[in-house]
Structure formats: C-alpha cells, structure tokens
1. Inside segment B:164-198, can you point out the residues that are surrounded by 22 or more Cβ atoms within 10 Å (Cβ to Cβ) and farther than 18 Å from B:V8 by Cα?
2. In segment A:349-383, which residues are within 14 Å of chain B (Cβ to nearest Cβ), surrounded by 15 or more Cβ atoms within 10 Å (Cβ to Cβ) and not aliphatic (A, V, I, L, M)?
3. Count, please, the residues in segment A:214-247 that happen to be among the β-branched types (V, I, T) and closer than 23 Å to A:M24 by Cβ.
4. Can you give me the ranges of the helices (runs of 4 or more DSSP H) entirely in segment A:259-341 with at least 1 residues that are farther than 26 Å from B:P76 by Cβ and away from chain B (no Cβ under 14 Å)?
5. Has segment B:214-235 got at least one residue that is within 20 Å of B:L43 (Cα to Cα), buried (at least 20 other Cβ atoms within 10 Å of the Cβ) and without any contact (Cβ under 8 Å) to a residue 40 or more places away in the chain?
6. Could you run through segment B:108-146 and say how many residues are surrounded by fewer than 18 Cβ atoms within 10 Å (Cβ to Cβ), in contact (Cβ under 8 Å) with a residue 60 or more places away in the chain and more than 14 Å from chain A (Cβ to nearest Cβ)?
7. Does B:Q283 satisfy the criteria of being in the same structural domain as B:S251 (by TED's automatic domain parsing) and in contact with a Leu (Cβ under 8 Å, 6 or more places away or on another chain)?
8. A:L316 - would you say it is modelled with pLDDT of 95 or more, of a type outside the set (D, E), within 25 Å of A:Q205 (Cα to Cα) and buried (at least 22 other Cβ atoms within 10 Å of the Cβ)?
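The values are calculated or read from the model by the stated rules, or taken from the named source; none is laboratory data. Please read these numbers as outputs of a predicted model, since none were measured by experiment. Backbone-built Cβ (ideal geometry, glycine too); neighbour counts: all protein chains shown.
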Amino acid sequence: MSMRRVYMDSNASAPLLPEVLEAMRPYFMESFGNASSIHHHGQQTRAAVEKAREQVAKLLNCRPAEIVFTSGGTEADNLALFGMLKPGDHVITSVVEHHAVLNACRELEKLGCAVTYVGVNAEGVIDPVEVRGAVREETKLVSLMMANNETGVAQPIEESGEIAAEADVYFHTDAVQAAGKLPIDVQKLKCDLLSISGHKIHGPQGTGALYVRKGTLIKPLFFGGNHERSRRAGTENVPGIVGLGKAAEIAYAGFANGETEGLRALRDRLEHAILEGIEETGLNGGAAERVPTTTNIHFDHIEGEALVIALDLKGLSVSTGAACSSGAIEPSHVLTAMGLSPAQARASLRFSLGKHNTAEDVDFALSIIPETVARLRELSPVYKRQRVAVSS
Amino acid sequence: MSGSTIAVAMSGGVDSSVVAALLRAEGHNLVGLTMQLWNQKRLSGYEGMPEQVHGRCCSLDDVYDARRVAETLGIPYYVVNHQERFEQQVVRPFVQEYLSGRTPVPCTLCNNHLKFDELLTTARQIGADSVATGHYARAEYHDESGRWRLLRGVDASRDQSYFLFGLTQEQLSRTRFPLGHLQKSEVRELARQHGLPSAMAEKPDSQEICFIPGGDYKKFIDAYLEESGAPVPETEGELVTTSGEVVGRHSGIEHYTVGQRKGLGVATGSPLYVIEIKGDKRQVVVGSGDELYSRRLRASKLNLISVADLHEPMRVTAKIRHRHQPAAATAQQIAADELVVAFDEPQRAITPGQAVVLYDGDVVVGGGWIN
C-alpha cells in the first residue's frame, strides 16, 4: 500500500541530500584507499578528507586544522568533556543539554569532577548571570548548547562566551542542532570547542566534528594511530567525511541563498495554523529566540505518544522529543525544566523541518492534524472529564 | 475488510505473535502494540530483588521479539507507555490487598484497566476498531440474548477466561480472541508454519506475575514499600487458632495467604494451615486442614456478562481461583453489588481478594471479588 509520507522529524535525522550522496558515491567503490596510505589510492582519499575539512571549517569560520572528525555529535561532546577535564575540575552546564552532555557530566561526577547545572526560565533559556555566578576557582569548562533539539530554543552563546573568556575558562558549545540553521562564527562566539553532527545537516549518520581552537590541549578518547593530529585515532570514514563536508557546504550556502529563511516561512505557517486552528494548544519556548525550522507544541488533554502514532499511520512522521532510555519512557527533561506539568510535557509534539520539506508538505500536515487531534480528544476520558468541569 | 484496523496486543510471546500472524493471513489491516507497563529495573537495587531481568513482560527482550515478529509480518509496530496507570490500577492495589490480608489477582485488574481499557482507548485513538489478544478464551455475540458473551477457551488446561470476567459488553464488542478455538500445541505449530522465529515457538510460557521478576512477591512488597519512603505499616501480629488461642507470632499478614501451610513457624503434631487473615486485628488464624473447607462465599464489585442480573438464583459451576476445578453451586445476587455463592460440596481455601467466576457450561456468567 503506497501512502503519501511526509517527514517532519529532521531534528532526529535530516534526510540525506542527493548532492551529498553524489559527492560520497565515488568513495565507496572507486576511491577506497586508506587516507593515511602513501600510494595513489591513499592520496586520493586524503585529498577528499582535507577538502571536507575545509568545507566544515568554512561553516564555522575557523581553520581547517582546528577540525577533528568524529563519529557524530555524541562523540564530539564526549571528546570535549572528557578531553578537557580531570578529577577535581568543575564544569558549568545546563539542565536542558542533550543526554550526550548530561550523561557525560554524570559520569564525570562519579570520577571526581564537580558539575553545576544551571536552570532555565519558562521559555527554556539560561541566564548568563547565573553562569557567571557559578564560576569558581576549580572551574575549567563551560558547556552550553547553542540550540535545543526538542524546542529549537537558542541559548545566549555569545554572552556566555564573553563570561567564560573573562573568567578564563574554556567554553564548549554543542551546536549539533544549530549548525545550518543559525549562522556560526566561532571567532564571534569566543568558543574553544564546538560540536556538530552530520545527519542533522542532511549529511550521513555516523559522522560529526569537534572544533578545537588552536592552542587548546585536548586528551583523546581513543588510542591508536595519530589521526586527526593525534586527537582522534582511527581510520577516517572517508565516504562519511566527504558527505559531511558536502552537507556543511550546502548548509553554509543556505543562509545566503534564502533556503534557511524559506524554511522559517514554512515553519511559521505550520505553527500558526495549528495554534490558531486547534483549541487548547500552546507553543513551548515560543517567546525565545529559536532556530527557524522547529516548533514544539503541546496539545492539551491527550497523550502525545498516541498522537505521534496516529499521525504516523496517516503518513506524517514527527516526534514527541521525549527521551527513551532502557525501556522506561521518561517525560522530557527539557520541557520539565521549562515548568511544563508532566501531562503537558507528555502532550507535546515536535515538528522539525528540513531542506526537503515543501509547502505541499505543510498543507498535508494541516489536513490531517486537526481531525486527528479531535479524534484523540473525543476518545479521551481525561478530555471528557475536563469538558464537563469547564461547562459546569 | 480493508476499512477497519485491528490492534494486536503483542507481548513478544508465542500466543500474541500467532494472533498477529493469523489475522495478517486473513487480510486484516493490523497495528502491533506493546504496552510498557512496568520498569523492570526499578526495584532491582532493593534486597532480594534480582539485578538482571530478561524476558519478563515488557522488558527490552520482549519488545525486541514483538518488534521482530511485526517486521516479519510487515505490520506497523509501536510501544505505548501506560506505566503510570499500571502502577495506580494494578501494582498499588496489589500491595494494598496483601497489606489488608487479602490475596489479589493482578492479571484481572490489568485486563480490566489496561488491556481492555487504556489499550483499547489508544487503539481507537490511532484508528483501530478493536483489540486482539492471545488470551485462550472466546468472545461472541449471542443473538437470542442480545448480549456479548465470554466463553472458556477450548484448551481447558490453558483457559484464561477466569481473568477476563470483568469485561463489559462494550469491551467484548471490541475484542477478538483468535486463539480461543485452538489448543496450545496447535498454536506452537502455527508459529512454525507462519515462519515466526523458531526460538519463539519454543519459548516457555511465563507463569509468574509479570511485574515481579523471580516471583517472590514478599520481597517485591517490601522493596516497593521501602522505595515509596512512606512509613511501612505495622503488619506483624499474633498467630491464633480458630478458637482464639494465641499460638505464636507472624512476620506480617502480607506474607500469608489462605491455605498456606509453610512458613508458620509453629511446631505441632499435625499440619497447620492459614484459615483466615484478620487484617484489622493483624491476626493470622491457623487451623487443621479440615477447617479450610467452606460452602458459602460472598462477593462484591460484580460484573455480569451473559446475563443482566442474577436476582433469581442460578445453577452454575464456579471457580474460586484460576487453578480450581469449577464446582457446582447456586449463585444469587442479593443486593445491587452483592453475590452469594453456595457450593454443593465444601470447597478448600476460599480466599478473600480472589475472584469467584461463574460458568454456565463454557459460558462465563460473570463474577465478583470474594469478601
């Protein structure tokens, strides 16, 4: 049964762009050499890796030598944290970070580091003053995400970078969800470390990079060869890196050529139509600065999980953005930190657009979301009780 | 057929997997659902609770198995979270029943409140009309009475109708039990025929309570109470005979069930059994085997299925627990929510908290909770 499928979950994985696949293709079959080999085959792939490095450096406005290729955003975050900290150090981060940062911090605490997790306001934004207030003698690193994966909310990174610089501590930002959506200039941001992920910018899964400012001494996670200037051992994933580079190039061009702004228009239309057309809905993080592609909306009195499934069965792929760990499903730590009740957090859905999405996709989504929400509410005992309470 | 969708409740076991395979072969639109009901690791840090849990209901292993079956059959599959409701409607009452000196039947509560309530609501919300499960039971519409009926599964050794006595007409109208007409041996053979993973056809049946890995309900209750941080209720008390003589002390009424012989810690000439548990006095009454027999019981929180009421006495066979030969009795509803069942022959260890389920041949008349 072929049904129309519309994909609005790019914050989970953004579909590979055809140009990216074309760029990668020769590196599977024809150019397969180990980029460290001295012969012709190695030289070919070495050239491709270095070209990709330049493409990524351009996206971030840094030197190619400052780019370390990794297996993804998680590895980049782990490298930044474990690479910079030792027992006794203090690190400042936030409660809304991705689990790659949060769980790495929890592990660091077990190993003898101290961690401060600054909170967020109702819009999901940290207060840089709180960051400054948390700095103490043992503080070595501040790690704050540039944009949140669930809500798209952007953090005050420039201000935080200033604070870190003044306090003479290192500054890492997880820019996995910001790359390609918000312009990034590591010089302006004053960050020392920055993580990106390939599959969030329409590149291949299993690729990513960590920007490491020249002069920043970082301990590697893996031991083996001297790859990536002895910062990340392991034979380069050449096709993957080539894809990441091409995706970075396309992401960079997207700002100048209006593609990214075009997505903002689509997101805004989707968001307004839902908020205005469906009762008892609300935007999570709406008053904050956000990436242009993401909207996180709570649909009160239903289970978000059931709505995601119902929409999936009708051909629309979205997510609840809730974390799933070891079989137990926890309410979103991000939405909880923003003050949403457990019921509202569970009733929240994330729609995240990518370069593949069109106006027709938004039309399709709007043609099925209202009736689906209505059906869920009609069958929801909670909604019925609430209606009775309101009308009496 | 193509209009309606059936939600299959999939546990990862052979029964529900065969249900999915059979319905798929009949050409139905299906969606597979597994309910996430209990975090198996939640109490694993407490004394006596196993660390590693594999292959228990809604563990990752079971979800994996269910997902593989769904993939093999080409049907969409989802895990849905109903943990909060399960704890409220099944686990907490389970603990409270034991603390009150009663012996609960959690599987029935799960059926009433989760499988045929929450899950049915979710199924309808996502566009399905009905839920199919692997229960060995039959549901059918009876034209003459204009009622939906529940019947025993034809495989008497597997019949699960006892646990389903709480289903309403609405629930039964939206339920399918494709295995009710089959023997368990046939079901395993069907698993092989439909190309389900071979390890599945051989999977042993689970006998335990799904949320108690290892089966030690006493340790579970202790761990659950400790975790809750609430002051643990005092439940130790006196062991008394049926004539009121105090013969010892017991460690907590929740550790006992009617008919129990072991663990009494009292040495006498003849075997002693738990005859009754007096929750309010925290006493466990012990006596000889003969004293366990009784002819009458009262039950409440009734649910009637094949009939609308039992104001007129009816001849039935009745089960007082799942593993019990249905015994001839007369049942009558003496008040809106009170049933009296008088057995022809004395029955052993009638236990408050268990369900009494009434049968008219293979048809489930209804049932209630024993007082």
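1. Listed by number, the residues that qualify are B:F165, B:G166.
2. Across segment A:349-383, the qualifying residues are A:T372, A:R375, A:R377, A:S380, A:Y383.
3. 4
4. A:259-277, A:333-337
5. No, that holds for no residue.
6. 2
7. yes
8. yes
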